[in-house]
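Quick notes on the structure that follows.
Here, each number is a calculation from the coordinates, and none is a lab measurement. Being a predicted model, the structure only gives us computed values, none of them experimental. For neighbour counting, all protein chains shown are included, and Cβ atoms are generated from backbone atoms with ideal geometry for every residue, glycine included.
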Amino acid sequence: MHRAILFSLSFVAVSLTPSWGAFETLGQSSRASAMSDAVIAQGEGADVLWYNPAGLAGEGTRQVVVDYARLYPGLDVGPDINSWSLSYVQGLAGGDLGVGIAGLGAGFYTENALGIGYGRSMGEKLDVGLGVRMLRWAADGYRDPETGVQDEDGSGLKPGFDLGLRYDLLTIEEGMLVLGISGLHLNEPDTPRRLLLGVGYDHPLYLAEVDLELVDGDRRVRVGGEYKLGGHYDLRLRAGASGIAGDGAAGEVDGGIGFLMGSLMFNYSYHYSSEISTGANQRLSLGYQF
Amino acid sequence: MIARLLLLFIAVSALQASAQSTFVVETWDGISEEEVQVDSAGALILGNVDSETNLALKRPAFDHSGDQVKVTDGKTDKRSVWNTLTSSVFNFFVQIDLDEPRLIDRVVVVSPDGNDTDFMKGYSIQTSIDNIVFSEQILNTRNLESRIDTTFTPVVARYVRVQIKAIDRVHDVQVAEVEVYGGGFLSAGILTADVTDLGVATPKNFGKIRWTADIPEGTKLTMQFRTGPTSSPNDSWSDWTEAVDENGGVLLKLPEPRRYFQYQATLTTEDPGVSPRLTGFEMDFGTPVADMVTGEVVRDDSEVAVTDTLPNDEVPVGVVRSFLFNLQADIGSGSGFESVNLEFPNRVQVEKVLLDGTVLARGSDYSLAGDGRTVTIRFTDRIETDVAIQVEFSTVLFDEFNSFTGSVVDLAFPDNPQQIEASGSRDDALGVFGVGLIDGVFDKDRLEVAPNPFSPNGDGRFDVVQFKYELAKISIPRPVTLRVFDLTGRSVRRIDLMQKSGSHLVEWDGRDDDGDVVSPGLYLFQVDVDSGEEVSFNGAVGVSY
């Protein structure tokens, strides 16, 4: 077990470089976004595939989640920006297999990702996960309306390999303190290597988590939580905040709700940035468990 | 203040035997004003305080409880004292505000006339620059003198505090006067030079102005100028120009030709230990290009259907309109000119140029150069007789008052153009008023971002993205910031600008603040305008390569 932790840490402790595919850091889950994506230790559901493949372990059921977001709706100039994802998870060979596709569309510019992940429990306390994803971006070449000069279309295709773990550190009263580590795009120097480290506390009535994210040399701290109101629809209230330290300092706050209607899961998140006055991002997801 | 200028050395050297000369001041010897003086090398410096001058005299003084006290009024009689009225006076103090930082090294505390018992038995002399942090210069806890006269190492301070540090439980403490002495330079001084008569009856055309100076850190030297037709400044003279601190050959827009000229030097320092030094001054002047060149700018509605009923010196803000720049050149004894330089408040499109009502042919009769805000009209044939020039142009104006300027140039002396003066029809003839329509400073409908996406790959095609926008009703340059973010909200590039009303174009080369080309992707930009109200606009721009 300890060797597995050391292996994971050494594998993700690599230099961080400039990247493309940054849309992935916007998140692909309404539940996670409502908690400022502070879910590395406590992610759940099919869309945890995009955060920490170890979170797939123990899902035990088949689940499909579709997620849609309208990003920065108040822009004065430029295309509408939309983000979406479709994620699926089911048990396989003692673990859980997740697959998903995600994309960002903005008129002349698109990014897409195809992801596959597998998570499995290694004993009572440790979950590990592996992931593979393929990223593609494409942009239409600009055409000068006056001269008719057309720029070339641009595109790129890169694979990414992910590794994650979750470890139950200790039980405190009725809750569990959980450690999560996730390294995304670890193989490719030109894609955003993201190192995420999270510590969360999962209590029957609430959960809270603090994550540290390192990407492109920036450090972002994420704090999020969920209050489990329960009731007939298992209503949950979520909130979070994140901030970037350093020269490009910025802050964001998030909030949202989630509830169940039988096998249907509904999540909503609202995202506000202190730096860019373009209106709030809003994200919706619908999941089905069967 | 009006200072008298005694020029011991004025050299007028011929640059061009026929037309161009230079007015030179190499020393200001003889100047001895309170605010400005001359050092041993003949340079103009700030006034230096005499060591016998009581810097505290007539300055405000307060005691420890904030009550004003009469210890700086110059009187030592019993009716003009600070009396503690109690013997429990430990740490009581009086404090003097010298009004500005001064170099001080001596403090004298004087008892009232005839009272040699109620003096400070112990004292502390403290000084401060900011009235927050005080430094103790002298501490004496066993004083036997009714008149305290203490010196210390010179220190820069604005506030001086005299605090009681010993009591005898029998006597009050009475202080009639606190005197502060020192030296150093005054914080500011102005020399207003005598009017300079350029020496001949013919008015002169003013050229470039230069000066040499030593400007130690914490000091500043600025110059202002004015010209006039009479030997004494009066209403016929121009206003002082704005203060100029660039000394590398400034071409000022002074009314010309004129016979008389005057300058004003303003010296300031934040450190009484140092002063700026003005060590030399030069101004080129020469034969006028024309006896007079006047102009006016008016709206031209002759070729467009306009529904408003505004007078011809008013236009709607933010609307493209046609205008006429009418020039009248009375050459007289002037040398004549080949070129007209015009400066506009916004980019213009020159439509026609007419000479005495005749439309000239571009290319054969004249050529155009410039960036749209400045336009140079170069005539093929030199203009040596009186003439009316009309320039038709179109533009958009954004200010409540939009100023136009211009000059005519004899290309034999390209560094000495002659400014165009407002015609006699109205004082503001070289301006057009903007009215109505645009309420704010920015119209989002006019924002253009192109090419989008762009490809900063160095192939020379669409390598930079241009942000074009228009600002209105910002008469002086204000801070404008362009920031570029990635989609996660991380700032990747910041460009700080100073802009005022008009059309603006800002480019982003696709590089981050470290100079590296950003990754392909979608980025957000935001332009924030600090115009007194919160104004920002934003959008998305793609990077592809």
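Numerical summary
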{"read-out": "Dipole axis of the protein assembly as shown (+1 Lys, Arg; -1 Asp, Glu on Cβ), positive-most option in A:TYR118, B:SER455, B:PHE393", "value": "A:TYR118"}
{"read-out": "Nearest-20 debye value, the stretch B:444-543 charge dipole, Cβ charges on Lys, Arg, Asp, Glu", "value": "280 debye"}
{"read-out": "Debye equation applied to the C-alpha atoms of the stretch B:399-535, log10 I(q)/I(0) at 0.10, 0.14, 0.17, 0.22 Å⁻¹", "value": "-0.51, -0.81, -0.98, -1.28"}
{"read-out": "With at most 13 neighbouring Cβ atoms within 10 Å, loop trypsin sites (Lys or Arg not before Pro) (DSSP) excluded, longest segment of chain B", "value": "B:170-425"}
{"read-out": "Calculated [θ] (222 nm, deg cm²/dmol) that DSSP helices of n ≥ 4 give over chain A, each run adding -39,500 (n - 2.57)", "value": "-1500 deg cm²/dmol"}
{"read-out": "Size of chain B as Cα extents on the principal axes (Å, biggest first)", "value": "100, 71, 48"}
{"read-out": "Most mobile of A:ALA34, A:ALA93, A:ALA54 in a GNM of chain A (Cα contacts under 10 Å)", "value": "A:ALA93"}
{"read-out": "Relative contact order, percent, the stretch B:292-435 [alpha-carbon distance under 8 Å, six or more residues apart]", "value": "35 percent"}
{"read-out": "Compactness of the stretch B:61-182 - radius of gyration and Dmax, Cα, Å", "value": "13.1, 38"}
{"read-out": "Percent of Cα pairs exceeding the 36 Å cut-off, where the set is the stretch A:2-289", "value": "13 percent"}
{"read-out": "For chain A, built as a Gaussian network whose Cα springs stay under 10 Å, the top-fluctuating residue of A:GLY115, A:GLY262, A:GLY105", "value": "A:GLY262"}
{"read-out": "More than 50 Å apart - percent of Cα-Cα pairs taken over the protein assembly as shown", "value": "49 percent"}
{"read-out": "Average partner coverage of B:444-451, which counts Cβ from other chains inside 10 Å", "value": "3"}
{"read-out": "For chain B: relative contact order, % (alpha-carbon pairs under 8 angstrom, 6 or more apart)", "value": "11 percent"}
{"read-out": "Residue mean of other protein chain beta carbons inside 10 Å, B:535-543", "value": "6"}
{"read-out": "Mean projected area (nm²) of the alpha-carbon convex hull when the stretch B:292-435 is viewed from all directions", "value": "8.5 nm²"}
{"read-out": "Max mean-square fluctuation residue, GNM over chain A, Cα-Cα springs under 10 Å, options A:GLU124, A:GLU111, A:GLU44", "value": "A:GLU124"}
{"read-out": "Fraction of the pair-distance distribution of the stretch A:117-206 above 24 Å, Cα-Cα pairs, percent", "value": "47 percent"}
{"read-out": "Cleavage-rule hits (GluC sites (Glu not before Pro)) in the stretch B:137-223: DSSP loop, at most 12 neighbouring Cβ within 10 angstrom", "value": "B:GLU217"}
{"read-out": "Between 0 and 90°, nearest 10: helix A:2-12 axis offset from chain A longest Cα axis", "value": "10 degrees"}
